[in-house]
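Trainee: One structure is given below, represented as C-alpha cells, and several questions about it will come after.
The values are calculated or read from the model by the stated rules, or taken from the named source; none is laboratory data. Please read these numbers as outputs of a predicted model, since none were measured by experiment. Here the Cβ is made from the backbone with ideal geometry for all residues, glycine too, and neighbour counts use every protein chain on show.
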Amino acid sequence: MPDTTKQKIVLVTGATGYIGRRLAHRLLQKGTVNVRLMVRNKEKVQASIAEQVDIREGSTFEKPALEAALEGVETAFYLIHSMGSADDYSNLDRISAENFRDACIAAGVRRIIYLGGLGVKESASEHLLSRIETGEILSAKPDAIETIWLRAGVIIGSGSASFEIIRNLCQKLPLMITPRWVRSRTQPIGIDDVLNYLESSIALPHQGNLIVDTGSEALSFQQMMEQAAKVMGLKRYLFPVPFLSPRLSSYWLILFTPIPYKLAAALVEGLKSETVLQNDNAARFYPEIQPATFKQAVADAIHELEQNQVLSRWCDSSAEQACDIRDFDNPAGAVLRDTRIISFNKGERQEDVFRSVCGIGGKNGWFRYNLLWRIRGVVDKLVGGSGLSRGRRSNTDLRIGDALDFWRVVDLKPGKRLLLHAQMKVPGDAWLEFDVQPHQLVQTAHFLPKGLWGRLYWYSVLPFHHFVFKDLSKTIVNSATKNQ
Ligand SMILES: NC(=O)c1ccc[n+]([C@@H]2O[C@H](COP(=O)([O-])OP(=O)(O)OC[C@H]3O[C@@H](n4cnc5c(N)ncnc54)[C@H](OP(=O)(O)O)[C@@H]3O)[C@@H](O)[C@H]2O)c1
C-alpha cells in the first residue's frame, strides 16, 4: 500500500530551539511525513539534518518568508517565542502568532500544533500569560483553521532549563533552605513524552480546536529535588522556611545554576502557584501515551548527558543577535584587536589544531589560567550575564548557534575557522576568532567598544589578555600535538 501520509508536508518552526530541534530530529528519524523547517538562520541547522530536509529561512515578522515556508503545508508546528529577545516580548509574541495564523489560513494549512505552558490565567506569570495569549490567538479562527494547543509545565530533559536547575542544585548543595514556593505542586513531564504528544497530534483524528494539558504525577519542586537527588545517588537535606522571596530565590538560582536572572525569575514566578492539569484530554485523546514518571525522566536526561548525546539545550535560541565580525567595516580603527599568531610545523596537522580549537570551554576548560576565566565568569554572573556555567552541549562537537560558556558559536568552517561572539555583559561587542591556516594558528580577540566606557574596559583588561590569550593559542597548538 502506498504511504500516503508521506506526501503531507509538516512544517516545524522554531527548529533551532529546545523543543523544535528535538521534534525535527524525531520526525526525520521516523520518516513518516515530509518535514520542512522554518528557521531564522539556516547555518544553525546541524549539517546532518540540513542534508535531508527542506529548510526555509525567515521570521514570523516577514510575511513573504511565511508564505514561502507554508506553501503546500498540511500541518504546522508553532514552537516559537520571543522571551529574552526584548522587554516587550508579549507584544512581539502577539504579532508573531497573528502573522502565523493568518499566513496558515491563507496557505490552506489544515492544523496548527502549538506547545504552550501549563497553568491558568488568574495566577499566571507574565511569561505564562504571553504563552496563553499566543494559544488564544492561534485558535481564534476555528472556522478557518483548527489548532491543537498542547500545554506543558516543567519539562525534564537533558539541557532543559528546569532539569539544569534541579541537577545543579542537587549536585552543588547538600543542604538547602527552601522558600515557600517550592511547595506548590506542578505536573512535570519528560521531553520524550512531550515529543510523543507533539508527533501524535499530526494524525490525531479530531476536528476543531483542542486544548491538551500534559504532565505526569503532581509533585512540588521540593519533591522533584528529593527524587532527582535519589536518582543521582545523592543525599540532600531540604529545610523549609516561610521567607525567601521569589526575587531572592532567583538570585540564588543564578549563583548555583547556569540559568540567567531573567529566565530564573520567570521559572520561579511560574512555580509560585499550583500548575496542574485542567483537563484530561491527554488521557482521552492520546491513550497510547503513558507519561514516564519524574524519576524516569530524570534518569533518561542523565543518561543522555553521560552519553554526550544532548540534542538541544535551553540556551540554543539566540535571543541576542550574534553577527560575524566581518559584517563590520573598521572605520578609523573602531574595532580594537588582540592578535596572536602561533606557527606549527613540528608535525601538527591543520585538522588536529582545528580539533583542539573546537575542544575549548565547558568541562575541558580554557587550558591555562582557568581561574582567571572563572573569575571573569563570576563577574559576568554578578552583573546579570550568563557566566561560564552554561558549559557546552557536547564535549567533542560544536555547531553554529551553540552556547559555549559565555560565548556563542557564530561561524564554524570545518578545519578552518571558529568564531565566537561574546554573550557576557561588556560595554560593546566582542568576538574571539580562530583562523587555522596550513602552518599557523591566528587567534584574534576583536572588540567593538560602545563609547568611552567600552574603550576604558578594553584597556583595563589588556593586561589579563596578555596572559590569557597568549597562552591560549600556544596551548591549543601544543595539545594538538598531544592528541594526534
Ligand atoms: N523548553 C521548555 O522547558 C518548555 C516548557 C513548556 C513549554 N514550552 C513551550 O515550547 C515552545 C518552544 O519553546 P522552546 O523552549 O523550544 O524555545 P526556545 O528554545 O527558546 O526556541 C525558540 C525558537 O523560536 C525561534 N524564533 C523565535 N522568534 C522567532 C520568529 N519571530 N520567527 C521565527 N522563529 C523564531 C528561535 O529561533 P533562533 O534559534 O533563531 O533564536 C528558536 O528556534 C514555546 O511555546 C514554549 O512556551 C517549552
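Trainee: Output the number of residues of region 24-76 satisfying the condition of being assigned to a helix (DSSP H, G or I) and within 20 Å of S200 (Cβ to Cβ).
Mentor: 7
Trainee: Related question: Within region 360-398, which residues are part of a helix (DSSP H, G or I) and at positive phi?
Mentor: Of everything in region 360-398, just one residue is part of a helix (DSSP H, G or I) and at positive phi, namely G362.
Trainee: I'd like to know if region 78-85 contains one or more residues that are more than 10 Å from the ligand (Cβ to nearest atom) and under 20 Å from L129 (Cα atoms).
Mentor: No: zero hits.
Trainee: Please determine, by comparing only the residues of region 136-158 that are small (G, A, S) and within 9 Å of the ligand (Cβ to nearest atom), which one is nearest to the chain's Cα centre (by Cα).
Mentor: It comes out as G157.
Trainee: Continuing with this model, one more query. Out of region 109-119, which residues are away from the ligand (no atom under 15 Å from the Cβ) and β-branched (V, I, T)?
Mentor: V109
Trainee: Now for a different question. Any residue that is buried (at least 18 other Cβ atoms within 10 Å of the Cβ), closer than 17 Å to K172 by Cβ, in the same structural domain as L118 (by TED's automatic domain parsing) and in contact with a Leu (Cβ under 9 Å, 6 or more places away or on another chain) - is there at least one of those in region 268-290?
Mentor: No, every residue in region 268-290 fails to be buried (at least 18 other Cβ atoms within 10 Å of the Cβ), closer than 17 Å to K172 by Cβ, in the same structural domain as L118 (by TED's automatic domain parsing) and in contact with a Leu (Cβ under 9 Å, 6 or more places away or on another chain).
Trainee: Shifting gears a bit: Looking at (1) within 16 Å of the ligand (Cβ to nearest atom); (2) at positive phi, which one does L253 not meet, given that it meets all the others?
Mentor: (2)
Trainee: Let me ask something additional. Can you name every residue in region 381-416 that is more than 19 Å from the chain's Cα centre (by Cα) and either in the same structural domain as I259 (by TED's automatic domain parsing) or within 16 Å of F256 (Cβ to Cβ) (or both)?
Mentor: L382 - this is the single residue of region 381-416 that is more than 19 Å from the chain's Cα centre (by Cα) and either in the same structural domain as I259 (by TED's automatic domain parsing) or within 16 Å of F256 (Cβ to Cβ) (or both).
Trainee: Could you please tell me which pairs satisfy a Cβ distance under 6 Å, a separation of 6+ or placement on different chains, a first residue in region 352-364 that is assigned by TED's automatic domain parsing to the domain that holds E433, and a second residue that is crowded, with 19+ Cβ neighbours inside 10 Å and of a type in the set (D, E)?
Mentor: Within 6 Å, the pairs are G361/D405.
Trainee: Residue check: is E126 over 30 Å from W252 (Cβ atoms) and more than 12 Å from the ligand (Cβ to nearest atom)?
Mentor: no
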